[in-house]
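Every number here is computed from the coordinates shown, using simple stated rules; none is lab data. Bear in mind the structure is a predicted one, so any value in this text is a computation, not a measurement. For neighbour counting, all protein chains shown are included, and Cβ atoms are generated from backbone atoms with ideal geometry for every residue, glycine included.
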Amino acid sequence: MASGALSVKDFLDKAKLVSYGFFGLLILFLILFFSSPYLLVSKADPKKSDALVLEAIETGKKDKFKQAAALWKKGLAPVIVILHSPPNQDSDLGIVGDPTASLQSYLTSLGVDETKILVYTVESGAQEFPKTLLKIALDRQWKTFLLIGKEYDSATLLKLYRNVLEPAGIYIAVSKVSEGIGSWDWFTKPKSLESILGRLSKHLYLILLGN
């Protein structure tokens, strides 16, 4: 036999290792793919807090505001804090003019006491929301928050906020707003598939960055 030539047995053994590696990666990918919705949903239990927190990023989502109003009425927190970045013409709340007055007015129309609504405009954008909330917490000596977030954004939001708040001993959980995307059939609908995979990529990217 020529020097360096593979025997049939060696070739089959190497082919078997390659196939094991391929199928192992394929199985890992399929597990990750089908478990995507569960990775994106926060497991932290909402509890009575010092404040409810709403993000208004360019547009204030009505369903999040409605859930915040409902939770406030139930007594889960005495005040609602809105972290706001400047809106544009696409705002589905129809914000025109002073955003603070408009955001307060919308929550007031949902039955929230206007004096219990605090609006903080963050000109530098949503990436500074967690740091802004930390400053608010330290100024007011608040220790617990309940953030209102979309169901499949909740784990990512929790990670972003906890990285900033937890070192200061501040607890935060997310109250999840249903998006009407089923955890068992999300991959059968193009829009749901695109949405979930896009959010999964962001979530995994944050994990790789150590955030």
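For the stretch 100-211, what does the alpha-carbon gyration tensor say about shape, rounded, prolate or oblate, given a ≥ b ≥ c as the root eigenvalues, a/c under 1.5 as rounded, and a/b over b/c as prolate?
oblate
Trypsin sites (Lys or Arg not before Pro) within the stretch 110-211: which are DSSP loop residues with at most 15 other Cβ atoms inside 10 Å?
Passing sites in the stretch 110-211 are Lys143.
Can you list, bin by bin at 10 Å, the percent of alpha carbon pairs in the stretch 97-141, starting at 0?
The distribution over the stretch 97-141 is 24, 41, 34, 0, given as percents.
Pairs to check: Lys66/Lys202; Lys74/Lys176; Lys43/Lys191; Lys74/Lys135; Lys66/Lys176; Lys176/Lys202. Give those whose C-alpha atoms are more than 23 Å from each other in this structure.
In this structure, Lys66/Lys202; Lys43/Lys191; Lys74/Lys135 exceed 23 Å between Cα atoms.
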